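Visitor: Handing you this structure, nothing more for now.
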Amino acid sequence: MIDQFVVFTPSGQVLYNFSPQGKRLAEIQVNKVVSELITNGARRDESSHKYTILKLDQFAGMCNISKHPPLVFLCTYAAQELEQIREAEQILDLGINLWESLELYQVMERNTSRQGGPKNHHNFTWVLQDCDEQMSKFDEYFKLKLTDVKAAKTKIREPPIKANPQTLKAPSKKSAINVKSRKWGRDGIMEDSSTQGDLSSLDFSAEGTPEVTPSAVSEVNEKAFGTRTENGEFLIKEIDELLSKNKRGSAEKPTASTGAFSFLQKHLLGNKSISQSDLTTVLEKLKQKLITKNVAPEAADHLASRVSQNLIGTTTANWTSVETTAKDSLQQALTELLTPGVSVDLLREIQQRIGDTGKKAPYVFSIVGVNGVGKSTNLSKLAFWLLQNNFRVLIVACDTFRSGAVEQLRVHVENLAQLTDETHLRGSKNRRGKTGNDFVELFEAGYGGSDLVTKIAKQAIKYASDQSFDIVLMDTAGRRHNDPTLMSPLKPFADQAKPDKIIMVGEALVGTDSVQQAQNFNSAFGKERNLDFFIISKCDTVGDMLGAMVNMVYATGIPILFVGVGQTYTDLRTLSVGWAVDTLMS
């Protein structure tokens, strides 16, 4: 759910505001947008949306700025999640269309353009002078239409229940009674509701705003999510559909050059010795193209220098221009950068560990990253994939700081338990008295400081070994990469827990700041320990602006294991390097 919707002028005059929670107007958000976006130019992500996506320090949001007359429509929300971004876009559409239909733009233009008009006691003409009736209608219609947006957003699909199915069926209806219960909505807000079924055993925190928790998938389309081999292994699919679309799109683009000069370029140029002066203009153009795709300037400079090293002193091929040769070389440099230098066959490595009868220790993962990138969501996607490969998974709540973090994982575990056992009753405990079932279980010990985190991790690994779990997935608290106080506990945590793999979840939306994020997290574990993999989340929200992938690999040399393309458990893909390179070069 959004925090607030505000309409205001570029000078900060608020014309209308509404908060679904009934909160007071958060003037600090308006002032922040005015000072950083309008006055100074804030960090933002234009992506594929028609509105500007804001990523400010205190909040995230989406806005539209009209020039004639100057007006700002702003929606703010708690976390940069796809669902909240879509909701904000719908609300902005609603507000702008309603403003236009009530002719409020014309009223503003008339009031601001007239000379010598009536002024109020502050000696200025109010931009909405003489339109109380229109504003009353705006408020009435906006709140009425907003309920339609909410209703469409809160439709949650029934969770499926069968283990490793070709098709997962909805659970049969149990006898139910009307009870009053508390639950986290899909928008991350706790709400009281009258619900069919007994949910009293679910213990939810009464404060905080957790990350959005995806509902359980109603059907697993294995052809879209992955493939199952003859020996039963479930392999996650590459992003080949997007790749094929991109290739079709690039193949259909008409050539811009025509006439005799085009013929000379394509058929008579070539066999030219390439010098630095030949490359200067071409490389600058290619660098700027990469930067528009969110590639950091230092990464673009590195790639350009690689092209220079590879081409200076060489000769172009027959019928090939210097520009075409440089593009081909840049494409090769990007491919080499994104291609993993180590094995990413994680499934094989886990199977070898589990199959070694001399080792009873589980395979341990630790998930780290900055606040709001989707660590818990992607941890649950990993768990779903591992469950498809018949591993027993213990999910560990090592985020003891964020209010609602444990409860969020509890919901994920309940969803996953229903996906693996048709007899599992939501909210019930397993035979060990824990949330989950024999396939997936939650290990939790409440909230506390960094010392508690290490204790939970060590106890969870011992518990997993005693109970014959194959996999341990440890969630951790989000932390600012540029805050040494928050980053310092990562080293003792890794020293004590000794995870087999440390995976950082990075956000495709973050842009050029991803360089510093990756470097700081990679060095946070000490000289003898580094990150092992990246998962790049929210790749479905950035279109062709995939620069964050390049930035994080360039900064650390750490390969990308998976990319997130949505919020359900099947929205995980392996990285197709060809797709990424083609998208960046398109």
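What follows is calculated from the coordinates using simple rules that are stated; it is not laboratory data. These numbers come from a predicted model, not from an experiment. Here the Cβ is made from the backbone with ideal geometry for all residues, glycine too, and neighbour counts use every protein chain on show.
Visitor: Could you compute the FRET efficiency for Q467 and R86, with r as their C-beta to C-beta distance and R0 at 45 Å, rounded to 0.05?
Guide: Given R0 = 45 Å and the Cβ-Cβ separation, E is 0.65.
Visitor: How big, in percent, is the set of alpha carbon pairs in segment 405-484 lying more than 20 Å apart?
Guide: Values: 1214 of 3160 pairs.
Looking at segment 405-484, the distances longer than 20 Å represent 38 percent of pairs.
Visitor: If r is the Cβ-Cβ distance from H68 to T335 and R0 is 45 Å, what FRET efficiency results, to the nearest 0.05?
Guide: Result of the calculation: an efficiency of 0.45.
Visitor: Measure off 7 Å from each Cα along the Cα-to-Cβ vector at Q134 and S277, then give the distance between these two points in nanometres to one decimal.
Guide: 6.2 nm
Visitor: Something else about it: What number does segment 346-585 give for Rg over Rh if you use C-alpha atoms and the Kirkwood radius?
Guide: Radius of gyration over Kirkwood radius for segment 346-585 works out to 0.95.
Visitor: Take peptides 294-301, 317-324 and line them up by average Cβ neighbours within 10 Å, highest first, as a rough protection proxy. Please list the in-between numbers first.
Guide: Numbers: 294-301: 21.1, 317-324: 15.8.
Averaged packing, sorted descending, gives the order 294-301, 317-324.
Visitor: Label Y447 and E349 with points 7 Å out from Cα along Cα→Cβ: what is the distance between them in nm?
Guide: Result for the modelled spin labels: 3.5 nm.
Visitor: Of the listed peptides 332-338, 549-555, what is their order by residue-averaged count of other C-beta atoms within 10 Å, with the highest listed first?
Guide: Highest mean packing first, the order is 549-555, 332-338.
Visitor: Treating each Cα of segment 507-586 as an identical point scatterer and ignoring solvent, apply the Debye formula and state log10 I(q)/I(0) at q = 0.11, 0.14, 0.18, 0.26 Å⁻¹.
Guide: Computed log10 I(q)/I(0) values: -0.28, -0.45, -0.73, -1.31.
Visitor: Which links in K55/K381; K143/K538; K50/K293 stretch past 22 Å when you go from one Cα to the other? Display every interim value, and only then the final one.
Guide: Values: K55/K381 25 Å; K143/K538 30 Å; K50/K293 17 Å.
Pairs exceeding 22 Å: K55/K381; K143/K538.
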